[in-house]
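The values are calculated or read from the model by the stated rules, or taken from the named source; none is laboratory data. Owing to the predicted nature of the structure, the values given are computational and were not obtained by experimental measurement. Backbone-built Cβ (ideal geometry, glycine too); neighbour counts: all protein chains shown. The area values use the complete protein model at the heavy-atom level, side chains included, leaving out ligands, DNA and RNA. Shrake-Rupley method; radii C 1.70, N 1.55, O 1.52, S 1.80 Å.
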Amino acid sequence: MLNVVIIEDEIRSQETLKSLLTEFCDDVNVLGMAGNVRDAVALINKVRPELIFLDIELQTGTGFDVLNQIGERNFDVIFTTAFEQYAIKAIKFSSLDYLLKPIDIDELQEALEKARKRIDRQESSKQLSLLLKNMDERPNQRKKICLSTSEGLEFIDIENIRYCEANGSYTNFNIKPDVKLIVSKNLKEYESLLSDHSFMRVHNSFLINLHEVKKFVKSEGGYILMNDGTQIAISQSKRDEFMERMMSLS
């Protein structure tokens, strides 16, 4: 049995999720429910769940307030929210799951299956630590991203990513100093995550770190030369935006 708790700010939401888990999800045991930060922290410390369904917006704070007040985070988390919001990007950076309300049964079952795998591999604690670190908005706070590969999780400084290349439903990462990873999400997913961190999709196949550009070569139809010597194709429609982005780099 997978022991879970439900942290939701509304009683109706608590009961709805509990009913979905009971009716459609095998081997799930709901140990308790809470609706505010204080009660959530007390419940988690008391029952020690393996998995928490955690609402981002609570009656007296946020789900992140709950996590920050738990000493040992020896559990996995599936976040729940009614809104697409800034926190979703941080959750994706950590390779954790979230569910949008109203919760879809298939998405719930899929999220549970992935949570079980994270729990079996004992990966959740590191991912939660990364999430809370990335939520820190202090200036010059270095950001990391969690990349899921066939061998496990890799925690990578964003600034060390040279470029990403499309590989069907996968993405090839080229990382300093000499690391190559194949990650099981497509390039569009990483374009949405990294676009606020000086990355640009310059071609259907390439997302590049603009800080790793050495020069733009006009000959042979034009291409981008990266610091490591790699030549990156650039779409004609992206050239003006690319030059503007490069000129604006600090």
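Just give me the residues in segment 143-177 being part of a loop (DSSP other than H, G, I, E, B) and either touching a helix residue (DSSP H, G or I) at 6+ places or on another chain (Cβ under 7 Å) or open to solvent by less than 40 Å² (accessible area, probe 1.4 Å) (or both), in sequence order. Break it down into steps so the answer makes sense when it comes.
Residues of segment 143-177 that are part of a loop (DSSP other than H, G, I, E, B), as a first pass: 143, 150-151, 168-169, 176-177.
Answer for segment 143-177, where residues must be part of a loop (DSSP other than H, G, I, E, B) and either touching a helix residue (DSSP H, G or I) at 6+ places or on another chain (Cβ under 7 Å) or open to solvent by less than 40 Å² (accessible area, probe 1.4 Å) (or both): K143, K176.
From L99, L128, L54, which residue is assigned to a helix (DSSP H, G or I) and in contact with a helix residue (DSSP H, G or I) (Cβ under 7 Å, 6 or more places away or on another chain)?
Numbers: L99 fails: assigned to a helix (DSSP H, G or I); L54 fails: assigned to a helix (DSSP H, G or I).
The unique qualifying residue is L128.
Only one of F75, F53, F79 is under 23 Å from T149 (Cα atoms), over 14 Å from the mean Cα position of the chain (by Cα), surrounded by 15 or more Cβ atoms within 10 Å (Cβ to Cβ) and without any contact (Cβ under 8 Å) to a residue 60 or more places away in the chain. Can you tell me which? Before you say what the answer is, go through the steps one by one.
On the way: F53 fails: under 23 Å from T149 (Cα atoms); F79 fails: over 14 Å from the mean Cα position of the chain (by Cα).
None of the others qualify; the one that does is F75.
Could you check segment 180-191 and list, in sequence order, the residues that are assigned to a helix (DSSP H, G or I) and in contact (Cβ under 8 Å) with a residue 12 or more places away in the chain? Show your work before the answer.
First, pick out the residues of segment 180-191 that are assigned to a helix (DSSP H, G or I): 187-191.
Those that are assigned to a helix (DSSP H, G or I) and in contact (Cβ under 8 Å) with a residue 12 or more places away in the chain: L187, E189, Y190, E191.
Kindly list the number of the only condition in (1) in contact (Cβ under 8 Å) with a residue 40 or more places away in the chain; (2) open to solvent by 70 Å² or more (accessible area, probe 1.4 Å); (3) within 14 Å of the chain's Cα centre (by Cα) that fails for K114.
Every listed condition holds for K114 apart from (1).
Against the condition of a type in the set (G, A, S) and either farther than 28 Å from K185 by Cα or surrounded by fewer than 18 Cβ atoms within 10 Å (Cβ to Cβ) (or both), how does S94 come out, does it pass?
Working: of a type in the set (G, A, S): yes; either farther than 28 Å from K185 by Cα or surrounded by fewer than 18 Cβ atoms within 10 Å (Cβ to Cβ) (or both): no.
No, not satisfied.
Assuming Y190 fulfils every condition listed in (1) among the hydroxyl-bearing types (S, T, Y); (2) open to solvent by 20 Å² or more (accessible area, probe 1.4 Å); (3) farther than 25 Å from I70 by Cβ apart from one, which condition is it?
(2)
S124 fails exactly one of the following numbered conditions: (1) open to solvent by 40 Å² or more (accessible area, probe 1.4 Å); (2) more than 22 Å from R12 (Cα to Cα). What is the number of that condition?
Of (1) open to solvent by 40 Å² or more (accessible area, probe 1.4 Å); (2) more than 22 Å from R12 (Cα to Cα), only one is false for S124: (1).
Among the residues of segment 193-242, what is the count of those that are in a strand (DSSP E or B) and either open to solvent by 50 Å² or more (accessible area, probe 1.4 Å) or hydrophobic (A, V, I, L, M, F, W, C) (or both)? I'd like the intermediate steps shown before the answer.
Kept after step one, since they are in a strand (DSSP E or B), are these residues of segment 193-242: 199-203, 206-209, 213-217, 223-226, 231-233.
Now restrict to residues that are either open to solvent by 50 Å² or more (accessible area, probe 1.4 Å) or hydrophobic (A, V, I, L, M, F, W, C) (or both): 199-200, 202-203, 206-208, 213-217, 224-226, 231-233.
Going through segment 193-242 one residue at a time, the tally reaches 18.
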